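Asker: Can you read through this structure? Questions will come right after.
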Amino acid sequence: MRRVLTVFEAICVRIAGLVLAAIMLIVVLDVVLRYAFNAPLPWSYGLISIYLTAALFYLALSYTFARGHHVAVDIVYQRFPPRGRSLAAAAGALVALPVFATISCLAWQAAWEKWRAGDVIAGIIPWPTWGASLLVAVGTGVLVLRLAVSLVHHSLVAVGAMAPPAADCAAPHAE
């Protein structure tokens, strides 16, 4: 399960990287066309703000968490012994899991409702709104799976059923 999840996270973060490159390319092209030829790309703002920003953030969410690269206040955490660190990581995953599961479920429902209703954003291009909700649902859904794996792993380490990582335990969610 962990290997499959890790592969899926790697695919998602690569897509997020391509999305970042696309954002930069579209913005540069839009600026050049706007100021050099007085012909901006009328669709760029909608595409970037509705889809690409959501894809960039949510597709990288679980990968970032799994590697401990998220924002964390760990001044006290670093002083814990390895099992104490795992206990803290398990507690964090236990708190975060229902929050992100709720976000994921609500985003799936919103995507489905928007798709069924044919919701679009008024503008030059009628962008469908369900795609952004789907990106939120997928990204947080993968994070929920990662949180569950982290919870199980760190709980086993905390109770002594599994040895703590031999290497650096500074990253709370590295497995």
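Asker: Mind listing whichever residues of the stretch 28-56 are surrounded by fewer than 15 Cβ atoms within 10 Å (Cβ to Cβ) and under 30 Å from Ile103 (Cα atoms)?
Answerer: Trp43, Ser49
Asker: Between Val19, Val13, Val27, Val31, which is within 30 Å of Leu156 (Cβ to Cβ) and not small (Gly, Ala, Ser)? Working first, answer last.
Answerer: On the way: Val19 fails: within 30 Å of Leu156 (Cβ to Cβ); Val27 fails: within 30 Å of Leu156 (Cβ to Cβ); Val31 fails: within 30 Å of Leu156 (Cβ to Cβ).
Among Val19, Val13, Val27, Val31, only Val13 is within 30 Å of Leu156 (Cβ to Cβ) and not small (Gly, Ala, Ser).
Asker: Continuing with the same structure: Could you list all residues from the stretch 26-50 that are not hydrophobic (A, V, I, L, M, F, W, C) and not in a loop (DSSP other than H, G, I, E, B)? Even if it seems obvious, please write down each step before you answer.
Answerer: Pass one, the stretch 26-50, residues not hydrophobic (A, V, I, L, M, F, W, C): 30, 34-35, 38, 40, 42, 44-46, 49.
Hits for the stretch 26-50 are Asp30, Arg34, Tyr35, Ser44, Tyr45, Gly46, Ser49.
Asker: Continuing with this model, one more query. What are the pairs with Cβ atoms under 8 angstrom where one residue, in the stretch 104-130, is of a type in the set (S, T, N, Q) and the other, located anywhere, is in a helix (DSSP H, G or I) and at pLDDT 95 or above? Sequence gap at least six, or different chains.
Answerer: Cβ pairs passing all conditions: Ser104/Val136; Ser104/Ala137; Ser104/Thr140; Ser104/Gly141; Ser104/Leu143; Ser104/Val144; Thr129/Lys114.
Asker: Can I ask one more? Residue check: is Arg116 basic (Lys, Arg), closer than 29 Å to Tyr51 by Cα and within 15 Å of the chain's Cα centre (by Cα)?
Answerer: No: the conditions fail for Arg116.
Asker: For the stretch 57-90, which residues satisfy the criterion of being of a type in the set (A, V, I, L, M, F, W, C), surrounded by fewer than 21 Cβ atoms within 10 Å (Cβ to Cβ) and either under 16 Å from the mean Cα position of the chain (by Cα) or assigned to a loop (DSSP other than H, G, I, E, B) (or both)?
Answerer: Listed by number, the residues that qualify are Phe57, Val71, Ala72, Val73, Ile75, Val76, Phe80.
Asker: When residues of the stretch 24-63 are filtered for being touching a residue at least 40 places away in the same chain (Cβ under 8 Å) and among the β-branched types (Val, Ile, Thr), how many remain?
Answerer: Filtering the stretch 24-63 for residues touching a residue at least 40 places away in the same chain (Cβ under 8 Å) gives 42-43, 46-47, 50-51, 54-63.
The next check asks that each one be among the β-branched types (Val, Ile, Thr); those that pass are 50.
The total comes to 1.
Asker: Name the single residue that is nearest to Phe8 (Cα to Cα) among those in the stretch 113-140 being crowded, with 21+ Cβ neighbours inside 10 Å and among the small types (Gly, Ala, Ser).
Answerer: Checked the stretch 113-140; the qualifying residue nearest to Phe8 (Cα to Cα) is Gly139.
Asker: Test each condition in (1) surrounded by 14 or more Cβ atoms within 10 Å (Cβ to Cβ); (2) of a type outside the set (Ser, Thr, Tyr); (3) part of a helix (DSSP H, G or I) for Pro98 and report the one that comes out false.
Answerer: Answer for Pro98: the failing condition is (1).
The values are calculated or read from the model by the stated rules, or taken from the named source; none is laboratory data. A quick note: this is a predicted structure, and the numbers were derived from the prediction, not measured. Ideal geometry is used to build each Cβ from the backbone, glycine not excepted, and the neighbour counts take in all protein chains shown.
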